[in-house]
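For reference, the structure is listed below as structure tokens.
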There are 4 protein chains.
Amino acid sequence: LLIIIRGFPVRKFLQRFSIVFFSSHFLFLSSVSTRSMASKTPVGFIGLGNMGSPMAKNLLRNGYPVIATDVFPESCKGLLDLGAQVVDSPAEVAEKADRIITMLPSSPNVIDVYTGPNGILKKVKKGTLLIDSSTIDPSVSKEMAVAAEKMGAVFMDAPVSGGVGAASMAKLTFMVGGVEEEYNAAQELLTCMGANVVYCGQVGSGQAAKICNNMLLAIGMIGTAETMNLGIRLGLDPKLLAKILNMSSGRCWSSDTYNPVPGVMEGVPSANNYQGGFGATLMAKDLGLAQNTATNTKTPIPLGSLAHQIYRVMCSRGYANKDFSSVFQFLREEE
Amino acid sequence: LLIIIRGFPVRKFLQRFSIVFFSSHFLFLSSVSTRSMASKTPVGFIGLGNMGSPMAKNLLRNGYPVIATDVFPESCKGLLDLGAQVVDSPAEVAEKADRIITMLPSSPNVIDVYTGPNGILKKVKKGTLLIDSSTIDPSVSKEMAVAAEKMGAVFMDAPVSGGVGAASMAKLTFMVGGVEEEYNAAQELLTCMGANVVYCGQVGSGQAAKICNNMLLAIGMIGTAETMNLGIRLGLDPKLLAKILNMSSGRCWSSDTYNPVPGVMEGVPSANNYQGGFGATLMAKDLGLAQNTATNTKTPIPLGSLAHQIYRVMCSRGYANKDFSSVFQFLREEE
Amino acid sequence: LLIIIRGFPVRKFLQRFSIVFFSSHFLFLSSVSTRSMASKTPVGFIGLGNMGSPMAKNLLRNGYPVIATDVFPESCKGLLDLGAQVVDSPAEVAEKADRIITMLPSSPNVIDVYTGPNGILKKVKKGTLLIDSSTIDPSVSKEMAVAAEKMGAVFMDAPVSGGVGAASMAKLTFMVGGVEEEYNAAQELLTCMGANVVYCGQVGSGQAAKICNNMLLAIGMIGTAETMNLGIRLGLDPKLLAKILNMSSGRCWSSDTYNPVPGVMEGVPSANNYQGGFGATLMAKDLGLAQNTATNTKTPIPLGSLAHQIYRVMCSRGYANKDFSSVFQFLREEE
Amino acid sequence: LLIIIRGFPVRKFLQRFSIVFFSSHFLFLSSVSTRSMASKTPVGFIGLGNMGSPMAKNLLRNGYPVIATDVFPESCKGLLDLGAQVVDSPAEVAEKADRIITMLPSSPNVIDVYTGPNGILKKVKKGTLLIDSSTIDPSVSKEMAVAAEKMGAVFMDAPVSGGVGAASMAKLTFMVGGVEEEYNAAQELLTCMGANVVYCGQVGSGQAAKICNNMLLAIGMIGTAETMNLGIRLGLDPKLLAKILNMSSGRCWSSDTYNPVPGVMEGVPSANNYQGGFGATLMAKDLGLAQNTATNTKTPIPLGSLAHQIYRVMCSRGYANKDFSSVFQFLREEE
């Protein structure tokens, strides 16, 4: 048995916004066939924030005409300069495009953009492909899919991992949920914006996969921080302890790739005063989604739930904008 | 960056008793020089239980005369037949051997065997090397080291990972704490009984390393069980979810090497109704040591502590003798 | 300083469904003035389940004509026999009554009954008083209040404590949230169905008060169970320990009124094999509401959250229908 | 059913050091018979710290000659001035007194004072009554009792609640464990130093009762803090919420007698910026004892254990010396 894991270049990762996938390209990268620009029909894009804006630009760069809108019209300016058409409402986007991508902050925004009075579904054409890349509750994704189906459209969830840097460099990872037959059509667009596209199953599965990974990540990170802190108090050298854990059954991504103890690894937030990386407040948000999802499905998640509470308290105690590995600092004795 | 990890043959592992190290030999294996049998002086061995007995036999096999004792004299029978000398008390062992290994169930036994009225230290010779392979509180190891030093002897802690099977096959891993200059002398004996010997630092460090690893292991296992259960409830295929986690930041030993969900991996306890492996009751014991150690050093271990409580409850609810990965079953909805 | 607490007759309490208030009447009971039957206008009632049915009957008994409906028309039979008028939909109720009470299982039902296609708000008359006695997320109560206000109606939340028995005997407690000026109008009706009516503040406050109380109750109960179990293991007599706690700072409702240890008190579920009382599954539901509410308001609730997880696991392990004090049994060593 | 609880004057309580008993005198106060001073034989007292010193003075005030010692001889000065005889070691005290009280910081000190080279048991006379008022692990109390019995002496544990103020005013509460026949003899002395003396059972029971109470107290306090914080976030007025909880099943000592929210009650630490009262660091110490005791008896204490971790983290984050009700502030959103 020989397993080879291609490492993740952690230093680059600091530019990222959200953590999930670090697999190397060869596993998932879809080969993008050369297409003639002329044949490309417009793609709608709704939500031009820090993430949506560079994503939409990558569609333009790949030759897709873009029809865009945002509740803050000024967000569309950069895209307008690059040749996108800017319209007034999601409904108008739906009139003009039969493939639409949405990238919004949270569930209520998604509900409004799809089912609100000027929403997509008010004007959507039959057969339109709707791809939502927001990170939201999977049950909302399912509701949107049902509503879309009633109008003859197809809805898929495709939350991303990777932050603003990855969005700019088209290096995002997409976890996709939805009807399998439509996956290829979605993949065509997503590969313009990301390096990895993973099909996860029925609608909502993309959200589910992202939530699950980030919950286990949070547990592993806090566990690693506790363990390293305990070992140090017991007199162990942190580098030696990390080495021992990493060759043993305590090994996890937080111990071997993103160690939270300053001085153990280079190129990670713990080596840089917990600047950059994935903020505690974002982890708290994702754990909130995990918590709600678990509550709604009556699934016990004792450690996930406690991890949520710990990040919640950290956000109240001045750690909101530090990388989530700063839990090591939070648990450590004050100097 | 390319890291190659040589996998652990999990199927064989089922024979093991205690989980910590699975690194392959080349990392640590000391090259055992050929020695002439004639030059070997006797080694004392105290504690001939399930683990101690095969360990002592491996010393005999390597040509070391063994002077043995146990509170239950009948335990010594097998060793007697193989040529060991059996004596009445630890004190008597100390009179006859200047290298002594102890393998005992818990701290009070260690204290008694070393400092009791018929204990080793009553008769120990100056310069004697004392190696304790019991898993106990590191602070007790330190006390024993101080007491030994007063008598001019040297004490090292060297708890093992790997169970009865590994003990029989001389495949144990030893984590060694103690004065560095004495490490080579200890290593000479330990390599007769184990495949890996790791030097961890000052006395007590071996215990500390073992406790830390097993605490993080428990956290990772429960976290993996919760996550897999949540994902399944959300409609994800367990194999696919495991694959996604393992290429992502949720990856840990419990997700990629010892997955707790039946059907995801072969050759692990979850594939065998949680038979074999490392029992919940043993994990609860190790977490109890972690808890005591953390309490005594005033170190917060929120997840480690909750993991301890969960294994404690499991032991009360019929999971005591199942493999510790059965926490997946414990958390799952009853059929 | 002398405080007198009028005790709660616990034995009767076993008939109850939901636990919150046990204060004696004199604190809150509104004096119901004698009114002439002739002057009473009809009251609408939607949701005639185990709780709603006896509540509506008490309105009839107090001389209020009742216009009723339920998704299961057969539920209305008993009420019909007592002289209520049964109609087909919430909208129809709204056409015929300007005071309407709703008693529904959960948030989605409330949303549907108020804002659905045949919902109350489709036909509600200006000035109508809407009282929702369901236990739901306070944020849904607020949404309903906004929607009602748009139609010129007034919405109040008034969740109850006390179960089916209390509903039959008009002994419920209502926690009321909504505009203070409308409180008297609500109180007129609620006092026909309950013994205590407490005004809690703006809309949603009734739900908030109920959720908060039940969360602290769950924490106190599990804490009491752990403490009693620990004391017993340490050799203390359970009755003596309860007595000591109850005169000390460990005192709480679960230790002095509803002790979870068999043999300590009479007339409580622990004296009756945890039959009756307030089921673990109902507690898990209320803790789920607390958890969602806390998550949505970014409030850390470490113990509340762990209490939720413990009741969730209990529901998976065969304790769903036992009284919530059976957590003592759950934590205890198996015989 | 009418229960009357005589209230505790909370304001005075602020002078106290340790929280357990607040029951009024009539429940337990032993009637102290008038005795002629002449008949009193000397009482030994070992450990003259902040607590021991005023306790010993109260023995003097009650006419008992005192033979005292302390590892820091200067601690004995005040007592010397009041007429006590100061000697060099516990052994010497044991030679001169047949009733000895010890008041020491922690288990290792107790072990040393009783069984060390100059310890009490080296010189203890047959029939001597040994009363240990330290707060330590009950298992150590049991060990001391066994060791004392071997020498023909009787050992009882009698930890106190109430701090320095209560010690000065002879208002301590003693929880006593030991052979019942000796209880009266112990009571004679303890009533000189305290207001309440409770017999709890066999040796170690006093410690067990104190540990149990304080664990449930910590759980109730954190639970109350979470609940009040959640209610406030949901828009409830804190005073109203406290009132509702206190008449309901959420009621506990922390909600009705020692509310942690500033502005809800007067005369408690929360009204005084969490000054005075019972410091978080002392609560963490008692929870550490509970945790160790639970671990050693294999008793699951999920909430107790998490409460311990929370106080441990608070101690690391600047709350060590604030009253333990400051957990409300710790959990609250930073301004």
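For this structure, a couple of remarks:
This table checks each residue for (1) among the small types (Gly, Ala, Ser); (2) farther than 23 Å from residue B:127 by Cβ; (3) not assigned by TED's automatic domain parsing to the domain that holds residue B:106.
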| residue | (1), (2), (3) |
| --- | --- |
| B:141 | yes, no, no |
| B:152 | yes, no, no |
| B:157 | no, no, no |
| B:163 | yes, yes, no |
| B:172 | no, yes, no |
| B:183 | no, no, no |
| B:186 | yes, no, no |
| B:191 | no, no, no |
| B:195 | yes, yes, no |
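- Neighbours by Cβ (under 6 Å, 6+ apart or cross-chain): first from segment D:147-171, free of Cβ contacts under 8 Å to residues at least 60 places away in the same chain; second acidic (Asp, Glu) and surrounded by fewer than 24 Cβ atoms within 10 Å (Cβ to Cβ): D:154/D:182
- Meeting the requirement of 1 or more residues that are under 21 Å from the mean Cα position of the chain (by Cα), the helices (runs of 4 or more DSSP H) wholly within segment B:154-258 are B:164-168, B:183-190, B:205-233, B:253-256.
- Condition check for residue A:279: of a type outside the set (S, T, N, Q), more than 9 Å from chain C (Cβ to nearest Cβ) and without any contact (Cβ under 8 Å) to a residue 12 or more places away in the chain: no
- Checked against the criterion of being closer than 17 Å to residue A:53 by Cα and in contact with a Phe, Trp or Tyr (Cβ under 7 Å, 6 or more places away or on another chain), segment A:105-117 has no qualifying residue.
- Scanning segment B:180-212 for residues that are within 14 Å of residue B:145 (Cα to Cα) and buried (at least 24 other Cβ atoms within 10 Å of the Cβ) returns B:203, B:204, B:205, B:206, B:207.
- Exclusive hit being within 24 Å of residue C:214 (Cβ to Cβ), buried (at least 24 other Cβ atoms within 10 Å of the Cβ) and in contact (Cβ under 8 Å) with a residue 40 or more places away in the chain, set C:138, C:105: C:138
- Just one of the listed residues (C:193, C:175, C:247) is within 12 Å of another protein chain (Cβ to nearest Cβ) and touching a helix residue (DSSP H, G or I) at 6+ places or on another chain (Cβ under 6 Å), and it is C:175.
- Condition check for residue A:288: at the interface with another protein chain (Cβ under 7 Å from one of its Cβ atoms) and out of contact with any Asp or Glu (no Cβ under 6 Å at 6 or more places or on another chain): yes
- Candidate set: segment A:293-328, residues that are surrounded by fewer than 21 Cβ atoms within 10 Å (Cβ to Cβ) and of a type in the set (S, T, N, Q); chosen: the one farthest from the other protein chains (Cβ to nearest Cβ): A:321
- Taken together, the residues in segment B:198-244 that are within 7 Å of chain A (Cβ to nearest Cβ), among the small types (Gly, Ala, Ser), touching a Cys at 6+ places or on another chain (Cβ under 8 Å) and closer than 29 Å to residue A:233 by Cβ amount to 4.
- Residues in segment C:141-168 that are in contact with a helix residue (DSSP H, G or I) (Cβ under 6 Å, 6 or more places away or on another chain) and within 24 Å of residue C:208 (Cβ to Cβ): 10 in all.
- Test result for residue B:131, crowded, with 19+ Cβ neighbours inside 10 Å, within 20 Å of residue B:282 (Cβ to Cβ) and either of a type in the set (S, T, N, Q) or assigned by TED's automatic domain parsing to the domain that holds residue B:100 (or both): no
- Taking every residue in segment B:214-240 that is of a type in the set (Val, Ile, Thr) and pairing it with any residue that is in a helix (DSSP H, G or I) and surrounded by fewer than 24 Cβ atoms within 10 Å (Cβ to Cβ), at least 6 positions away or on another chain, the pairs with Cβ-Cβ distances below 7 Å are B:232/B:238.
- Matching residues in segment B:85-116 - criterion: being within 21 Å of the chain's Cα centre (by Cα) and hydroxyl-bearing (Ser, Thr, Tyr): B:102, B:106, B:107, B:114
- Among the residues of segment D:60-76, the ones that are under 17 Å from residue D:190 (Cβ atoms) and either part of a strand (DSSP E or B) or not assigned by TED's automatic domain parsing to the domain that holds residue D:90 (or both) come to 1 in all.
- Within segment D:77-97, tally of residues that are in a helix (DSSP H, G or I), at pLDDT below 95 and farther than 13 Å from residue D:48 by Cα: 1
- Applying the condition of being at positive phi and modelled with pLDDT under 95 to segment C:238-276 and asking which residue is surrounded by the fewest Cβ atoms within 10 Å (Cβ to Cβ) yields C:267.
- Residue match in segment A:117-136 (condition: under 21 Å from residue B:232 (Cβ atoms), part of a loop (DSSP other than H, G, I, E, B) and within 13 Å of the chain's Cα centre (by Cα)): yes
The values are calculated or read from the model by the stated rules, or taken from the named source; none is laboratory data. No experiment lies behind these values; they were computed from the predicted model shown. As a convention, Cβ positions derive from the backbone with ideal geometry for all residues, glycine included, and neighbour counts pool all protein chains shown.
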